[in-house]
């Protein structure tokens, strides 16, 4: 998976009525935001869910102003 960003986030669940820790991975090439119950589960390929994204990503470097 060619991720450009990954890390821990919390998501709301109505079943448990609260926030749950999840490990999220943004896959730029596939246009997917996937989530796992832990980083370890991500390493094993045990995805909990995903959202297909239809957006374009771009990165811009904004230089610091030395004025």
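The values are calculated or read from the model by the stated rules, or taken from the named source; none is laboratory data. From a predicted model like this one, the values you see are computed outputs, not experimental measurements. Note: ideal-geometry Cβ built from the backbone for every residue, glycine included; neighbour counts use all protein chains shown.
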Can you name the residue in the stretch 42-56 that is over 14 Å from the mean Cα position of the chain (by Cα) and either surrounded by 11 or more Cβ atoms within 10 Å (Cβ to Cβ) or closer than 13 Å to residue 26 by Cα (or both) and, of all such residues, is modelled with the highest pLDDT? 46
Would you tally the residues in the stretch 4-17 being over 14 Å from the mean Cα position of the chain (by Cα) and on the phi > 0 side of the Ramachandran plot? 1
